[in-house]
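The values are calculated or read from the model by the stated rules, or taken from the named source; none is laboratory data. No experiment lies behind these values; they were computed from the predicted model shown. Glycine also receives a Cβ, built like all others from the backbone with ideal geometry; neighbour counts cover every protein chain displayed. The area values use the complete protein model at the heavy-atom level, side chains included, leaving out ligands, DNA and RNA. Shrake-Rupley method; radii C 1.70, N 1.55, O 1.52, S 1.80 Å.
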Amino acid sequence: MRAGLIIILMSDSSNANDLKKSTNGLKPNTESLLKDDESVTITNALDTADESEKTVISAGATMNRRIAEATKTPPSIMMLEGPAGYVGKQWSIEKSELIIGRSMTSQVFVDDKSVSRSHTKIILKDNDVYLMDLESANKTVLNDEAIPPMTTVKVKDNDTIKTGNVIFKFRERGSLDAHATSHLQEKSERDPLTGAFNKGALALRGQESFKRAKLLKVPISIAVFDIDFFKKINDNPNLGHSGGDYVLKDLVKVISTKLIRADDFLARYGGEEFVVILFGSNLIQAVEIGERLRQTIESHNFVYNGHEIPVTISVGVAAKQPEMSTWEELFAVADTAVYASKRGGRNRVTSA
């Protein structure tokens with residue numbers, strides 16, 4: 001008898017035989033669809049009628065919901081090989097046209113010299129996806145075959161796309177792989193407590209935004225801020241660390257819903273330190289935004305377990321200057337301005 005693995009997916013335990021699949025039918029990352037309210041048992045089974053030897057996965061409402069969500073996942077491409085920091089990144093294909101290229105205006109920006117400024121066009125038409133090579137220097141290669149320039153070629157699930165030395169994988173609409181990757185990517189970029197972007201995502205976005213501003217010759221500013229006397233909140237016996245966590249979460253919620261514009265980027269940089277990237281804003285505009293941040297937080301009513309918590313922030317603002325060549329230089333200037341706000345008495349905005 002041939003050894004194998006039998007999977008039975010049950011919904012509400014009333015339909016044990018609704019779905020049966022061998023492991024060959026399961027796509028990678030399917031296990032990430034399971035949540036804590038679902039039991040998983042994995043055992044080897046023989047081709048036998050003995051039900052006790054079969055593998056059973058009991059799925060509740062959470063798994064059913066996530067499978068339903070996966071069917072709505074748009075087609076996408078994921079980078080398999082390329083620049084550090086981009087490998088594993090996924091781009092959804094939801095617009096009628098996207099450009100893969102080294103130009104900062106490309107929707108799929110790739111900072112690699114083997115990629116032309118406008119290398120490949122992705123076309124979405126009637127739920128099908130096509131590629132067009134835009135007369136690139138190093139060609140667009142689909143599954144080891146070069147695409148003739150300015151010719152549309154349809155792509156299929158799991159096709160590989162090579163632009164210069166950079167390789168992507170295509171996922172069709174409704175792919176469980178793409179849904180799981182998107183979920184994991186979002187999770188890896190977010191601070192688990194507040195939901196703001198995390199330090200790693202900030203480093204990547206900061207460098208990309210700085211380069212984009214430099215090439216497009218548009219302004220970019222940042223606002224860095226700390227919560228004043230945050231340790232006193234954590235040390236307060238009526239509040240404790242859970243009270244501090246509440247302040248962090250509510251602060252991010254207030255800023256995200258009331259102050260962040262579509263192109264702004266809010267990240268938690270440290271314990272109580274946050275950064276807002278203000279793409280397209282000059283120093284005067286950034287100072288105005290910094291002041292709105294300060295005033296909004298000072299006037300917001302933070303209440304935890306019946307205890308009102310006074311919260312203020314110290315803000316440092318900086319704009320890209322012609323002599324600056326890196327994102328790190330811009331951040332260092334804004335960070336220094338934060339400390340100037342603290343030395344000046346806190347609850348204020350300092351520009352540099």
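What to note about this one:
- Sites Thr105 and Arg261 - FRET efficiency at Förster radius 22 Å, r taken between beta-carbons, to 0.05: 0.65
- Gain in span if fully extended, Ile167 to Ala84, counting 0.36 nm per residue against the direct Cα distance: 28.6 nm
- Full extension of the chain segment joining Lys342 with Ser92 gains 85.8 nm, where the gain is 0.36 nm per residue of separation less the Cα-Cα distance.
- In the context of the full protein assembly, His307 retains an accessible surface of approximately 70 Å², using a probe radius of 1.4 Å and ignoring ligands and nucleic acids.
- Heavy-atom accessible area order for Lys320, Lys249, Lys125, largest first, 1.4 Å probe: Lys125, Lys249, Lys320
- Pair-distance profile P(r), taking every C-alpha pair of segment 73-147, with 10 angstrom steps and integer %: 19, 55, 25, 1
- Positive contributions from Lys and Arg (+1) and negative ones from Asp and Glu (-1), summed over other residues with Cβ under 9 Å from the Cβ of Phe197, come out at +2.
- Amide proton proximity set for Gly174, modelled H, under 5 Å, gap of 5+: Thr73
- Long-range HN-HN contacts of Thr120 with modeled amide H, under 5 Å: Ile100, Leu134
- Radius of gyration over Kirkwood radius for segment 204-330, both on Cα atoms: the Rg/Rh ratio is 1.03.
- Between segment 198-241 and segment 265-331, the Cα center-to-center distance that results, in Å: 7 Å
- Unit Cα scatterers, Debye sum, segment 134-218: log10 I(q)/I(0) for q = 0.11, 0.27 Å⁻¹: -0.52, -1.12
- In units of the compact-protein estimate 2.2 N^0.38 Å, segment 304-352 shows a Cα radius of gyration of 1.51.
- Fully extended contour minus Cα-Cα distance, from Val153 to Lys72, at 0.36 nm per residue: 26.8 nm
- In this structure, the pairs whose alpha-carbon distance is over 20 Å, taken from Lys214/Lys258; Lys162/Lys217; Lys113/Lys211; Lys95/Lys125; Lys121/Lys320, are Lys214/Lys258; Lys162/Lys217; Lys121/Lys320.
- Straight-distance candidates among the lysines for linking to Lys342, with alpha-carbon spacing under 17 Å and chain neighbours fewer than 8 residues away dropped: Lys231, Lys232.
- Net charge of neighbours whose Cβ lies under 12 Å from the Cβ of Phe109, counting Lys and Arg as +1 and Asp and Glu as -1: +3
- Summing Lys and Arg as +1 and Asp and Glu as -1 over all other residues whose Cβ lies under 10 Å from the Cβ of Glu273 gives a net charge of -1.
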